[in-house]
1. List the residue pairs whose Cβ atoms are under 9 Å apart, where the first residue sits in segment 323-338 and is closer than 17 Å to residue 411 by Cα, the second is within 16 Å of ligand 2 (Cβ to nearest atom) and acidic (Asp, Glu), and the two are 6 or more positions apart or on different chains.
2. Exactly one of these conditions fails for residue 356: (1) within 16 Å of ligand 1 (Cβ to nearest atom); (2) buried (at least 21 other Cβ atoms within 10 Å of the Cβ); (3) of a type outside the set (A, V, I, L, M, F, W, C). Give me its number.
3. Of the residues 493, 505, 440, 519, only one is among the hydrophobic types (A, V, I, L, M, F, W, C), more than 24 Å from residue 308 (Cβ to Cβ) and touching a residue at least 60 places away in the same chain (Cβ under 8 Å); which?
4. Determine whether segment 35-51 contains at least one residue that is assigned to a loop (DSSP other than H, G, I, E, B) and either aromatic (Phe, Trp, Tyr) or in the same structural domain as residue 176 (by TED's automatic domain parsing) (or both).
5. Of everything in segment 135-181 that's basic (Lys, Arg) and within 10 Å of ligand 2 (Cβ to nearest atom), which residue is nearest to residue 124 (Cα to Cα)?
6. Mind telling me which of the residues 53, 68, 38 ends up being among the charged types (D, E, K, R) and under 21 Å from residue 518 (Cβ atoms)?
7. Taking segment 160-172, which residues are in contact (Cβ under 8 Å) with a residue 40 or more places away in the chain and closer than 16 Å to residue 44 by Cβ?
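The values are calculated or read from the model by the stated rules, or taken from the named source; none is laboratory data. Quick caveat: nothing in here was measured; it's all calculated off a predicted structure. Virtual Cβ from ideal backbone geometry, glycine too; neighbours counted across all protein chains shown.
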Amino acid sequence: LINLQIDGKSTSVPEGSTIIDAIHKVGSHVPTLCYHPEFAPRAVCRMCLVDIEGSNKPVPSCRTQVKEGQIIYTNTQALKDFRKRDLQFLLSRHPNDCMRCEASGNCKLQDLVQEEQVEDIWPKKERGSKEHPEHTLHDHTSPSIYRDMEKCIECGLCVDACHAQKIDAIGFAERGAGMLPITAFDKPLCETGCISCGQCTLRCPVGALIERPDWHRVLDELDAKKRKMIVQTAPATRVAISEEFGLEPGSVSTGKMINALRELGFDYVTDTNFSADLTIMEEANELLQRLKGEREGALPLFTSCCPGWINYVELHRPDLIPYLSTTKSPQQMHGAISKYGPLGKLIESESDEEPYVVSIMPCTAKKDESQRPGVRGDIDAVLTTRELAKMIRHRKIPFASLSNDGEYDNPMGESSGAGAIFGASGGVLEAALRTAADALGLKDAPVEYKAVRGVERGVKVATIEGIGSVAAVSSIGSAIELLSNDEWKEKFLMIEIMTCPGGCLGGGGEPKSDDPNILQKRMNGIYNIDSNSVIRKSHENKQVQKLYEEMLGEPLSNTSERLLHTTFAA
Ligand code: HC1
Ligand code: SF4
């Protein structure tokens, strides 16, 4: 261990730690703009400079390793003056329209300017040293992601995030003052290989990259009180929403969230977890039919509920389309059943207007998915977890002090533990195995498949007696590696692929966080929901059983195929 002192507080950290690690350990604070623990430090923003006693030059704490006996200061007047000048430079290149900015209240630049009371005194500078087309600076062409490069502070975190996904849709062009993260050949984002995963929006410390803001039109629709408003909430939202309101990361806020949605004016608050169970009914049976050669489609079966993954296949690997499950994602089947199932029929009997279905998702690519040919119309608006938090704040709903006792409306409110774990990498696979094992009459099969759990990027494999080998892939970059040769074709029966590290709980629409353990904390919350559930298998969900009895018949029936399945195309 290395012993050192920070702002008068003594601490010890392992050799090889950086000064910023030690600063966090003692509970001191240095501002950062370009630092995120997931990526190698670029040290370009200079905000985290610290003074070391005996040294005449401040050093960036994000990439300087600790040395024995160092005495470090994080907030000397000289450092503060330096930061202020640096911030003034950033302001001279920034539009400073905070009042209308979607990142307002959740912007590191805004926080620092406020803390230091920095004045915008320098003449405005143009962005980029060469001519860029207008859509480079303001790009609203993607159904999921908005870019406003005038707000960019060149921290590079979006470039790192996209590179970690092995997509590289954006990269730095030019050097020095002209530097900007742009797409290849300055194309609009919708014409690039971008898969809408939103990892860039999750890391952007300002408002340069954001999810397409749809919450304003949802508030308008709620206020208009013309159409019956149905909302569904994704498995991973109920845990992460806690962080937006200062609650313990990983704490489960399902009841508070339901109460907040009712206060916002939704008529029916329903659960995507219900449709996750429904998805398993279709997908597990699809797997069994493909295994018996009774259904078209190749093996191994790829899950298809993650829209970033679907975008990747259609854009980059159309040869994989035959392997995809044709089962719609829970979001989409939930929309279809909301409109055309028992709830839709009830609403139809009371109102001339079609209900308006909103989904709250941890994911930016779900916006994209809702507009796909073949499923368009199931869902009217998709909001991220962050957008839900904004609506709650704007309507002054005291989320943290709401009681956690809200309950979903039935018939689309009941769910099993298997539906809940969809929100974590490996969860869809585990849920499918629980149902497939029972369908195959495997009496000794376990309920839990811990080998496929975990938030780290990579491939997790499990071999199940009586079924075969299966794999769960956490992050699209890991999928690209796995699929780079043909070994997977022989090895596995079923492969779950989630674009974001950790699965949906690490989705691009989740709250921003610099906590290196945040995914693990959210995952613990999700598996707690499962272990506390009375029903843990999708096929034991009573409301799902009733839907089959009253409307669908059986999995893969004609009605199921019409409402719950879709197609993919290059
Ligand atoms: Fe997901 Fe899914 S689990 S894709 O990660 O299959 O977004 O949470 O809602 O549709 O259920 C996301 C989460 C989500 C779908 C389900
Ligand atoms: Fe890259 Fe994902 Fe951002 Fe698209 S949404 S630019 S793929 S990180």
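1. 331/369; 332/369
2. Here residue 356 clears every test but (1).
3. Selected residue: 440, the only one of 493, 505, 440, 519 that is among the hydrophobic types (A, V, I, L, M, F, W, C), more than 24 Å from residue 308 (Cβ to Cβ) and touching a residue at least 60 places away in the same chain (Cβ under 8 Å).
4. Yes; the residues of segment 35-51 include at least one that is assigned to a loop (DSSP other than H, G, I, E, B) and either aromatic (Phe, Trp, Tyr) or in the same structural domain as residue 176 (by TED's automatic domain parsing) (or both).
5. Checking each candidate, the answer is 147.
6. Result of the check over 53, 68, 38: 38.
7. Looking only at segment 160-172, we keep the residues that are in contact (Cβ under 8 Å) with a residue 40 or more places away in the chain, and these are 160-161, 164-167.
Within segment 160-172, 160, 161 meet the criteria.
So that you can scan it fast, the table gives a plain yes or no per residue for (1) surrounded by 24 or more Cβ atoms within 10 Å (Cβ to Cβ); (2) within 21 Å of residue 400 (Cα to Cα); (3) more than 16 Å from ligand 2 (Cβ to nearest atom); (4) at pLDDT 95 or above:
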{"position": "205", "(1), (2), (3), (4)": "yes, no, no, yes"}
{"position": "224", "(1), (2), (3), (4)": "no, no, yes, yes"}
{"position": "256", "(1), (2), (3), (4)": "yes, yes, yes, yes"}
{"position": "266", "(1), (2), (3), (4)": "no, yes, yes, yes"}
{"position": "276", "(1), (2), (3), (4)": "yes, no, yes, yes"}
{"position": "295", "(1), (2), (3), (4)": "no, no, yes, no"}
